[in-house]
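Values quoted throughout were computed directly from the atomic coordinates according to the rules given, and no laboratory measurement underlies them. Fair warning: this is a prediction, and the values are worked out from it, not measured in the lab. In this analysis, Cβ positions are derived from the backbone assuming ideal geometry, glycine residues included, and neighbour counts consider all displayed protein chains.
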Amino acid sequence: MSLTLKGRFAQPGGFELKADLELPGSGVTSIIGTSGSGKSTLLRLIAGLSRSPDFHVALNGQDWSALPTHRRPISMTLQQPALFPHLTVAGNLRAVPGASRFEEATNRFGLEGLLGRKPAALSGGQQQRVALARAYLKPAALWLFDEPLSALDAMARAQLAPMLSELCRSLGKPVIYVTHALSEVVQIADHLVILEDGQVIGAGPPGKVAAELDHPLSPLIDTGAILVVEFDAYDKDHDLSTLRIGTQTLRVRGNLSQAPSPLRVQIPARDVALALVRPVGTSILNCLDVTLTGLVPTPDGAVFAELDCNGQPLRAGITRLSQDNLRLVPGMALHALVKSVALDVRGGWAQLPE
């Protein structure tokens, strides 16, 4: 089972999207890129909202290229909820053709006390919960999310993100999740696609993509590294969780004692510093023993130091002057310093904006 996306799509003004992808037919695939990279265009092509004779979409071998949007078995949630303004919450949910799990959807998204209200009387977060519930009610073979959290304020995102995370994990159908931030989906994505200027510059499992992406091809997207860790202990007095990376530890903010394990921690290369000796008298809590495996220069004058941390890849973004001052060569034993305040792995999601 798979979703095949292949071909080119040209827009007026000169933008062109090219793709040759075979995405998993299960789990969560996240399409990530900066503004204007083509991620929403790719989603519109999947949904049939945009078309080109040169771009083909197929799910499990069934060609969708000639299917209109209303005949494609998809459920789609956009940045804006697009609710029917003249209907109540209950009316919006019951307007879904064949909706048969009304009570289940109402309970899942906490809408019990909102059923009699119209969209104008709801907050942005409440409207998006209704939109998700409405999408949940629609029978679908493929779920599409187009930055469903981006239009919300920080508090609404923090409330909705765990619901969305749990929903993606439990659907049992393939999910395509478009976002500009890897941190938004790092805990739930099984597969990543990175777009830049209409080109696919990375695709595959999260760890593989993160390990390959930090190179001169994409200096604007700092995925850093994604470490797989286990919860060890929670320090209530300082609101810090200790996570294990093999024999080493990493301290991050928040209580992760109830989080599913293992967890993924995204550590951007810009948040990692290097030292020849273990420092003392510093505010930085995390000091990891690493081995330098490579040095990759970037077009903007920086250098990516590729590191091995207990068998997992880590990387640091440093200047060329730092490279010279430390006399770095592959094989050196180093200490990687990571600020705890740079890491946030709470609510089932990593680094939610605050």
Open item on the list: Only four residue types carry charge here, +1 at the Cβ of Lys and Arg and -1 at the Cβ of Asp and Glu. Report the dipole size of the chain about the Cα centre in Debye, rounded to the nearest 20.
Closed with: 980 debye
Task: Per-residue [θ]222 nm for the chain (sum of -39500 (n - 2.57) over DSSP H runs n ≥ 4, rounded to 500) - done: -5500 deg cm²/dmol
TODO: Could you work out the local net charge near residue 113, counting Lys and Arg as +1, Asp and Glu as -1, over the other residues with Cβ closer than 15 Å to its Cβ?
DONE: +2
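Can you tell me how much longer the chain between residue 166 and residue 320 gets when fully stretched, taken as 0.36 nm per residue apart minus their C-alpha distance, in nm with one decimal?
On the way: separation 154, 0.36 × 154 = 55.44 nm, distance 4.31 nm.
Length gained between residue 166 and residue 320: 51.1 nm.
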Open item on the list: Among 179, 96, 31, which residue has its Cα furthest toward the positive end of the charge dipole of the chain, with +1 on Lys/Arg Cβ and -1 on Asp/Glu Cβ?
Closed with: 96
TODO: Quote the FRET efficiency, to the nearest 0.05, computed for residue 335 versus residue 86 with a Förster distance R0 of 56 Å and r equal to the Cβ-Cβ distance.
DONE: 0.35
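With a Förster radius of 35 Å, plug the Cβ-Cβ distance of residue 244 and residue 35 into 1/(1 + (r/R0)^6) and report the FRET value to the nearest 0.05.
Numbers: r = 37 Å, r/R0 = 1.06.
Calculated transfer efficiency: 0.40.
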Task: residue 199/residue 284 FRET efficiency (R0 51 Å; Cβ-Cβ; nearest 0.05) - done: 0.85
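Which helices count as membrane-span-like in the chain under these terms: full DSSP H, at least 15 Å along the axis by C-alpha, Kyte-Doolittle mean of 0.5 or more? List each step's numbers first, then the result.
Working: long enough: 124-137 (20 Å, -0.31); 154-170 (24 Å, 0.34).
Correct list, ordered by number: empty.
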Task: Amide hydrogen neighbours beyond the local backbone of residue 295, cut-off 5 Å, H modeled - done: 306
Task: Under-5 Å amide H pairs with residue 312, H placed in peptide plane, nonlocal only - done: none
Open item on the list: Give me the dipole magnitude in Debye, nearest 20, for region 2-213 about the Cα centre, with unit charges on the beta carbon: positive for Lys and Arg, negative for Asp and Glu.
Closed with: 700 debye
Task: Identified option (computed P(r) over Cα pairs in 20 Å bins from 0, in percent; candidates [x] 29, 59, 12, 0; [y] 28, 53, 19, 1; [z] 30, 56, 14, 1) - done: [y]
Open item on the list: Using the crude model of +1 on Lys and Arg Cβ and -1 on Asp and Glu Cβ, and no other charge, please compute the dipole size for region 225-350 relative to its Cα centre, in debye to 20.
Closed with: 100 debye
TODO: Can you find, among 248, 312, 194, the residue farthest towards the positive end of the dipole of the chain? Put +1 on the C-beta of Lys and Arg, -1 on that of Asp and Glu.
DONE: 194
- [ ] State the number of lysine pairs found in the chain whose Cα atoms come within less than 26 Å, restricting to pairs 8 or more positions apart or on distinct chains.
- [x] 15
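If the chain between residue 255 and residue 94 were fully stretched, how many nm would it gain, using 0.36 nm times the residue separation less the Cα-Cα distance?
On the way: separation 161, 0.36 × 161 = 57.96 nm, distance 3.87 nm.
Result for the pair: 54.1 nm of gain on full extension.
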